[in-house]
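Each remark here refers to the structure printed beneath this line.
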Amino acid sequence: MLVVLGVLFFIISGDSWGFLPPAARQTSTKTREFFGSFWPSWLEPQDANQQREDDIKNLGQ
């Protein structure tokens, strides 16, 4: 259990640890990007105003 917490803590904040070599800090960032790629695109924040702006432009045509 403690190991899992340590790994999670490293993934979340390992890139800000200055005492680690650059390769280890990049590993933290790459791992976070890898797990972030599993996030479905339909759950990503959408620009709610973009559709409204497009509709306003189409009204003028």
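The values are calculated or read from the model by the stated rules, or taken from the named source; none is laboratory data. In this text the structure is predicted, and so the values were computed from the model without any measurement. Because the Cβ atoms are built from the backbone with ideal geometry, glycine has one as well, and the counts that use them run over all protein chains shown. Remember, those area values only see protein heavy atoms, side chains included, never the ligands or the DNA or RNA. Shrake-Rupley method; radii C 1.70, N 1.55, O 1.52, S 1.80 Å.
Listed by first and then second residue, the pairs with beta-carbon distance under 6 Å, at least 6 apart or on different chains, first residue in region 18-34 and closer than 16 Å to VAL7 by Cα, second open to solvent by less than 70 Å² (accessible area, probe 1.4 Å) and small (Gly, Ala, Ser), are SER28/GLY14.
Within the bounds of region 27-48, is there any residue that is at negative phi and in contact with a Phe, Trp or Tyr (Cβ under 7 Å, 6 or more places away or on another chain)?
Looking for residues that are at negative phi and in contact with a Phe, Trp or Tyr (Cβ under 7 Å, 6 or more places away or on another chain), one finds at least one in region 27-48, hence yes.
Which ones in region 38-61 are open to solvent by less than 80 Å² (accessible area, probe 1.4 Å) and either touching a strand residue (DSSP E or B) at 6+ places or on another chain (Cβ under 9 Å) or not in a helix (DSSP H, G or I) (or both)? Listed by number, the residues that qualify are PRO40, GLY60. Of the residues contained in region 9-26, none is found to be open to solvent by less than 90 Å² (accessible area, probe 1.4 Å), among the hydroxyl-bearing types (Ser, Thr, Tyr) and at pLDDT below 85.
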